[in-house]
Amino acid sequence: MKITVINGSEKRGVTDRLKEIFLGKFRGEAEITEFFLPRDCPNFCAGCTVCFLKDEHLCKDAAYVQRIEKAMRNADLLVFTSPAYVFHTTGAMKTLLDHFGYRWMPHRPAKEMFSKRAVIITQCLGAGGKSAAKDIRDSLSWWGISRIKVVSFKLMSEVVWDRIPETKRAKMTEKLEKAAEQMRKIDYAKPARTGFMIRMKFCAVRMLQKNLGKQNPGYTDYLYWKNNGWTGAKRPWKQD
Ligand SMILES: Cc1cc2nc3c(=O)[nH]c(=O)nc-3n(C[C@H](O)[C@H](O)[C@H](O)COP(=O)(O)O)c2cc1C
């Protein structure tokens, strides 16, 4: 199986330790590709909207973004990690997610995303881990992913791994290993089931796209939906 990991920080700190515990269950049997932010996608979205209106390959940062997109589309499992920074995901992660605005369902979602699984690992000192996970989850869900597992921690002690009490570290390890075991048992040859909410979102956007297409048949997003057959009977979660 293939795993693509997007790390919201380059720091080899607590978040990285937690991620390594999770990945430990897959090492030796999975092909793991990792990206570290901001290194692998260092520039902010400039808001030029060329990706929305014309073509994502025209983005000034397309070389960074498309490399990550390719790895995500090829993966069976996506893993996102982030510490909480001022109650949210890191700025570096937000920068990456902004670049994938064109993949939100009202624009041009990638077909493969509808059958993927994802895990989000976040941690914080006292509060904000859940909202950091939500920042990431919102994008993944609007990309079309239904099966998203969140594993979030409150350190409540120290922010340096070796100084966190042993009992706390053991509890976090146990929770992560359990989550990893659950994800390992999945038969990745079978696509994940697309959930009710994602289907509803898709149907609402489909109506929107059909209306937009009537007003402007040359509209980029409409043409994408039409060419995929989604304004007709085809659905991204169904095999052709
Ligand atoms: C800029 C910054 C903002 C932070 N904001 C929060 C916060 O809002 N809530 C919280 O509980 N911890 C906060 N923390 C602590 C981190 O979430 C995290 O626990 C700590 O940085 C250790 O993780 P790391 O080693 O992976 O960086 C913050 C840390 C930094 C550097």
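The values are calculated or read from the model by the stated rules, or taken from the named source; none is laboratory data. Note that the structure is a prediction, hence the values are computed from the model and not measured. Heads up, the Cβs are rebuilt from the backbone with ideal geometry, glycines too, and the neighbour counts pull from every protein chain shown.
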If you go through Gly91, Gly126, the only one that is over 12 Å from the mean Cα position of the chain (by Cα) and under 20 Å from Cys41 (Cβ atoms) is Gly91
| message | So, Lys134, is that one crowded, with 19+ Cβ neighbours inside 10 Å and among the basic types (Lys, Arg) or not? | response | no
Exactly one of Lys168, Lys134, Lys149 is free of Cβ contacts under 8 Å to residues at least 24 places away in the same chain and either aromatic (Phe, Trp, Tyr) or within 29 Å of Ala204 (Cβ to Cβ) (or both), and that residue is Lys134
* Asked: Does Leu78 satisfy the condition of being in a strand (DSSP E or B), in contact with a helix residue (DSSP H, G or I) (Cβ under 9 Å, 6 or more places away or on another chain), closer than 15 Å to Thr4 by Cα and away from the ligand (no atom under 14 Å from the Cβ)?
  -> yes
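Please enumerate the residues belonging to the stretch 42-88 that are among the aromatic types (Phe, Trp, Tyr) and either more than 12 Å from the chain's Cα centre (by Cα) or surrounded by fewer than 13 Cβ atoms within 10 Å (Cβ to Cβ) (or both).
The initial filter retains those residues of the stretch 42-88 that are among the aromatic types (Phe, Trp, Tyr), namely 44, 52, 64, 80, 85, 87.
Once the filter is applied, which keeps residues that are among the aromatic types (Phe, Trp, Tyr) and either more than 12 Å from the chain's Cα centre (by Cα) or surrounded by fewer than 13 Cβ atoms within 10 Å (Cβ to Cβ) (or both), the stretch 42-88 yields Phe44, Phe52, Tyr64, Tyr85, Phe87.
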Within the stretch 149-177, residues away from the ligand (no atom under 16 Å from the Cβ) and surrounded by fewer than 12 Cβ atoms within 10 Å (Cβ to Cβ) come out as Glu166, Thr167, Ala170, Glu174
Those residues of the stretch 2-35 that are surrounded by 14 or more Cβ atoms within 10 Å (Cβ to Cβ) and either near the ligand (Cβ under 9 Å from one of its atoms) or farther than 20 Å from Glu112 by Cα (or both) come to a total of 16
* To do: For the stretch 172-183, indicate whether the set of residues that are assigned to a helix (DSSP H, G or I), in the same structural domain as Leu58 (by TED's automatic domain parsing) and touching a Pro at 6+ places or on another chain (Cβ under 6 Å) is non-empty.
  => no
Kindly check whether there is at least one residue in the stretch 220-236 that is part of a loop (DSSP other than H, G, I, E, B) and in the same structural domain as Lys149 (by TED's automatic domain parsing). no
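Which of the residues that make up the stretch 89-100 are away from the ligand (no atom under 16 Å from the Cβ) and either of a type in the set (A, V, I, L, M) or surrounded by fewer than 17 Cβ atoms within 10 Å (Cβ to Cβ) (or both)?
Those that are away from the ligand (no atom under 16 Å from the Cβ) and either of a type in the set (A, V, I, L, M) or surrounded by fewer than 17 Cβ atoms within 10 Å (Cβ to Cβ) (or both): Leu96, Leu97, Asp98.
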Among residues of the stretch 105-135 being touching a Ser or Thr at 6+ places or on another chain (Cβ under 6 Å) and assigned to a helix (DSSP H, G or I), the residue farthest from the ligand (Cβ to nearest atom) is Phe114
